[in-house]
Each structure stands twice: as C-alpha cells, then as structure tokens.
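Working notes, structure below.
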Amino acid sequence: MARALRVNHLRVVHIIQSYLPLGGGAERLVATLASPLRRQDVEIVVVTRRYPGLAPFESIDGVPVYRLPIPRPKPIAALSFTLTALPLLRRLQPDVIHAHELLSPSTIAIVAKRLLGGIPVVAMPHRGGYLGDIDKLQTRSLGKQRLSLLRRHVDAFVTISREIDAELDGVGIPPRQRVPIPNGVDTRRFEPLPAEAKQMLRRQLDLPQAPIAIFAGRLVAEKCIDLLIGVWPAVRTAHADACLLLLGTGPQEGALRQAASAGIRFTGRVEDVAPFLQAADLFVLPSATEGLSVALLEAMAAGLAPVATAVGGTPDLIEHGHNGWLIPVGDPAALQNAIIALLGDRQRRQQMGQRGRQQIVRDYALPVVAQRLRTLYDQLIAGQFAMANRPLRSIP
C-alpha cells in the first residue's frame, strides 16, 4: 500500500514492550516526549503488549495506545505480538517506526519495513551492560542472526549513553547508523523549590523536617536497594533523624520491607514523583546496571545532588565531586560514606544540585531532545525518498 508523503506533519509509531500505566523509565520517556514532539508537528502512536487488566485501546494524554494480545507461553507471546502488529502498522501508515529495545519491537519494525514499503526504522536500546539488549542477543539462540538483520535493516540506532554506543560499535554497527540522543526530562515540572516552599511541601506529604534521601524506581534486584537498606543503620548513627524514602514497587518489595530498619519509608507506587523529589535533599541510585536513568535526570532537574554507581550512562551525566558523587558497584562502604558525607554538608549538596540542574536544562530538557528526534526523523525520511543509502548527518 502506498503511503502519502506528509511534508511537515509526521506520524511516528513507537513500539515498546509495555506502556503506561505500567513500566519504568523508557515508558515515561515516550509519554513525556509526546507533547514536545507534538509541538514539532510529530504525532506519536504507541503499539505495545496487552497485560491483564488493560484495555486493547485507549488514549493517554492524547496519545493513541494500541495493546496487542500476548498469549502464553513466551515464544507464542512474541510471535503473536509480531503477527498482530503488522496489520495494525499497515493501517496506521507511519512515516517512521521507532522501536524501543533490539528484541521484539525491533523485529516487528524490520518486518514491517520490508512488507510495507521501506518505512524508516529507528531502534533505541535503553540499557547496556549485563542485562542490556546486546548482552541478551549475544547469549540467546539465533542472536547473531538477529544482530545481522539489525545491521542491515535498521536505519538509525539512537544511543543514550557512551556504553551503549560502544556496545553497538563492538557488534559492527557503523558510526553512520549511530546517533547520540539522550533521554530527556521536563525541567519545568521537575524544578527546585525555595526553602519555605520545600518545608510546606514536606508538611503536605507528611515528611519530617530532617535530612531526606530518596530512591525512585522499580524495586528489582539490579537496583541494589538491599545495599541501601543495609547501610541505613550506619547513616542513622551519623544523622539520627535521617529519613530514606523508597518510591516504587516491584518483585523485591516484600523482602526489602522485611529488611528495613528505622527511618525507612516505602511509598508504593507514586503517580507523581516530582513533589517527593522536590521535598528531598539527596538522590541515591545504587544500581548494578542502567541505561540512562530517567529517575536520575528527574532528580537532578529538581536540584538534588545524586549519589550513584558509575554504570551505564551515569558517568556521562555525573562528574564526580562537581555535580554528584560516583561510587563503585556493590560497594556498601562507599555508598554509606557518600550518603553520610553529603547529608552532613548542606552547602556542598546545594552546589552539586545547582550545577546538575544547569546541565540538565542545557542538554536534557524535553524541547532539546524532541528537536533532535524531529531532525533525525526528517533526515531518515529524506534519505528514504530522495537520498537512499546516504550516511546520516551528525546531529548537533
């Protein structure tokens, strides 16, 4: 079926394993980019899997969300997702397909490209390291063949970190196919509050007027929240009234609650994390692996000094001692010392937070990221229709 060429308006279908109200950073990123991309005259449509309790279709904040059936077992689910996505994509007639992950979403995008007239494909891995897409493909059956298909048929790989860029380079993805565009954050929604407003917000949230450290994210093993809970008694010895807020849910929540000591609060799922970040003093991210943490971007936009492990895209973002504190993975002593030191040094925390906020506004604000994505989409369409096989220009 021939697709009508839209000169200014673009329709971009984002294929992602899960979407709101489920998911984490990748899902929130797509949702928050919808509005700034709309201002760039880019219409976003989401195609995702349908999990129990969710409708097959709904509009979320103006974004059409199609949820496709995934019957068990797992191989059947992946096949069903692919087969039901293809006729939907034919009906939607996108100008670009943007796949999140190099697994099922990218497979669907590649098949659709071949069947539906060469629609440009963007693939965006969201995690590197031992749980990242490249690691999974290299350890799975037919992984090499899938990597070969990705090299040949994906038009552009968006790299959100130097780690992911290096991994793609290591499996033969040439530089002309790799485009560095980071995750983005709403810097207006996540902004620091003056001292009086912060105290008032704490009263509204029933939080103590005491040093508050915060983690926001899924409570899963790779986030290493057990280490954070393990060092908290020592933090309380140094700062007797310190409070640790743990925002989010996940499979480890029960075990973590059992291990928790005095001064630790679990909030469960929080619809709006912004007020909690604005009320806190320090953000902690002790993960063993990351992509480019959206939660970290949000915390830094809110003016918080972060303590984070030097994994994934975090070292791209944090300069140790300047706008945050980097620690090794799996080092409880380093984690404990960093938290105690920064909770005890308000001026240093504030200086780090101010520098981090300035960096986020400059390089990671949603309008900046949306403009770079629009430029990429335009370049791909120009290459598809007028400049076939021409290498992508770099994006400033």
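Counting each DSSP H run of 4 or more residues in the chain as -39500 (n - 2.57), what helix-only mean residue ellipticity at 222 nm follows after dividing by all residues, to the nearest 500 deg cm²/dmol?
Numbers: 15 runs with 172 residues, N = 396.
Only helices count here, giving -13500 deg cm²/dmol.
Comparing H98, H14, H239 in a Gaussian network model of the chain where C-alpha atoms under 10 Å apart are linked, the largest mean-square fluctuation is found at H239.
Once Rg and the Kirkwood radius are both taken over the C-alpha atoms of the stretch 195-363, their ratio Rg/Rh works out to 0.92. May I ask for the angle, rounded to the nearest 10°, between helix 74-92 and the longest principal axis of the chain, with both axes built from Cα atoms and the value confined to 0 to 90°? Taking Cα atoms only, the helix is inclined about 60 degrees.
When only the Cβ of Lys, Arg, Asp and Glu is charged (+1, +1, -1, -1), the dipole of the stretch 108-193 relative to its Cα centre reaches about 400 debye.
Using θ = phi - 60° in the Karplus curve 6.51 cos²θ - 1.76 cosθ + 1.60, the 3J(HN,Hα) couplings for the stretch 315-331 round to x, 5, 9, 9, 9, 4, x, 9, 10, x, 10, 8, 10, x, 5, x, 10 Hz; x is entered for Gly and Pro. Debye calculation, C-alpha points only, no solvent: report log10 I(q)/I(0) for the stretch 64-188 at q = 0.14 Å⁻¹, in the same order as the q values. So the normalised log intensities are -0.64.
Translational diffusion of the chain, estimated by Stokes-Einstein from the Kirkwood radius over alpha carbon pairs at 4 °C in a medium of 1.567 mPa s, is 59 µm² per second. Of the options P94, A334, V220, report the single residue whose Cα projects farthest towards the positive end of the charge dipole of the chain (beta-carbon charges: Lys, Arg +1; Asp, Glu -1). Working it through, the farthest residue towards the positive pole turns out to be P94. Note: relative contact order over the stretch 242-396, using C-alpha pairs below 8 Å and six or more positions apart, is 17 percent.
Under 22 Å between alpha carbons: how many lysine pairs meet that in the chain, if sequence neighbours fewer than 8 apart on the same chain are excluded?
Numbers: K74/K136; K74/K144; K113/K144; K136/K144; K136/K223.
Lysine pairs meeting both conditions in the chain amount to 5.
Taking amide H positions as modeled 1.01 Å from N, with prolines and chain starts lacking one, the residues under 5 Å from E101 and 5 or more places away or on another chain are M124, H126.
Around the Cα centre of the chain, unit charges on the Cβ atoms of Lys, Arg, Asp and Glu (plus for the first two, minus for the last two) sum to a dipole of about 1200 debye. Only Cα sites of the stretch 161-292 enter the Debye sum here, all with the same form factor; the resulting log10 I(q)/I(0) across q = 0.14 1/Å is -0.74, listed in q order.
Taken together, the values in this text are just the output of simple stated rules run on the coordinates, not laboratory data. Here the structure is a predicted model, which is why all the values come from computation and not from measurement. For neighbour counting, all protein chains shown are included, and Cβ atoms are generated from backbone atoms with ideal geometry for every residue, glycine included.
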